[in-house]
Amino acid sequence: MASHKFIVPLVLMLAAAGVVLLPAQAQEKKAGPGQAKHIIHIVKLGSAKDIAAVLTRQFQGDAEVDVLPEPNGNCLLIRANALVFDDVVKTLQALDRRPRLVTVEIWVADVAPPKAEKGEAPKLAPIDDKALTGPSGEVLVLLRAMQRNGQLGSLKRLQATVAENQTCSLMEGETKPYTVGTHITGTGATTRTISYRNTGTNARCTPRVADDHTVMLEVKVEDARMHVPEDGVVLGEDNKEKVRATEFVVASYTGTVSMAPGRAVMLRDVKMDAKNPGPNRTLMVVTARVVDETAKPAEDEVGPGPGERLLPRGPRGPGRGGFPGSGVPEPDKP
């Protein structure tokens, strides 16, 4: 009886001081329905503050989560209703894990307008958009076949591996010269006035992975290119050949797409911005898959084709990439 008199005040003092029972101590007393259970969890891979915020929001009113101050800021003190305690533990285990890696590929191709007949304006060849959504390997083979057949011009393939919920930035660009005018000298020779412009592709994407490995990809792609149309404005003549004005085309897409494992999706509603009217179209296809670090490389994985530009890039933070098109100052060259 004497020991009991000392234990009760001690328990009250510990409770007032905010001391939480260890799991072993909590198991000694069987909690009934509606009673609270306690657990101390040391966060190993995630962010203690982020996990605490999610648990508090998810189990509002049924769980209290505290983060120990520094230098023990990776420790969580959780007090939850016994009715939801098992769900809290399962959610905690799901949140405190290593982020999954996602490989993202973006294919950008410009549709090549065929040669126009005399007296007719050039028209783009019809392309089956549905065929560009399907198994990623088959879609890439189809894109290469379309390029060989002359339906597509350039074909760029950008690739990156990034942790889920992180933003990846990719950029491939170059500075190209173009003719802005011609001049005939006193000796009869023709000279060209040359300027330069930045072209290329810039992409930013953030993958989010579901339990079934479906990837929700937030993506923004911008592609800037230039070409000389056969019916373009004539700037002059050089060696008895007409010199035509260069056309600048900027294609962009911003949105969210969902992809099952091993599937590729063609981005629809790509916006085209051309300074000169004409038949222009840019195709954009994306694919994303969760990396299985324990598995061997897939046998059906398609590597880069002959002459294809495969541009691997690691994850880059926001704001570290720049659009190589009209939004980037052009170099100061004569």
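What to note about this one:
- Scoring 231-242, 128-139 by mean Cβ neighbours within 10 Å over their residues and listing the highest first yields 128-139, 231-242.
- Sequence ranges 188-196, 75-83, ranked by mean other-Cβ count within 10 angstrom, highest first: 75-83, 188-196
- Label sites at Thr193 and Asp238, each approximated as a point 7 angstrom past Cα along Cα to Cβ, lie 1.4 nm apart.
- Sites Arg100 and Met226 - FRET efficiency at Förster radius 51 Å, r taken between beta-carbons, to 0.05: 0.85
- For region 147-222, the carbon plus sulfur part of the accessible surface works out to 44%, probe radius 1.4 Å.
- Counting 0.36 nm for each residue step from Leu142 to Thr256 and taking away their Cα separation leaves a gain of 38.7 nm.
- Positive contributions from Lys and Arg (+1) and negative ones from Asp and Glu (-1), summed over other residues with Cβ under 10 Å from the Cβ of Leu45, come out at +2.
The values are calculated or read from the model by the stated rules, or taken from the named source; none is laboratory data. Worth saying up front: this structure is predicted, and the values here are computed from it rather than measured. Ideal geometry is used to build each Cβ from the backbone, glycine not excepted, and the neighbour counts take in all protein chains shown. Quick note on the areas: whole protein, heavy atoms, side chains included, nothing else; ligands and nucleic acids left out. Shrake-Rupley method; radii C 1.70, N 1.55, O 1.52, S 1.80 Å.
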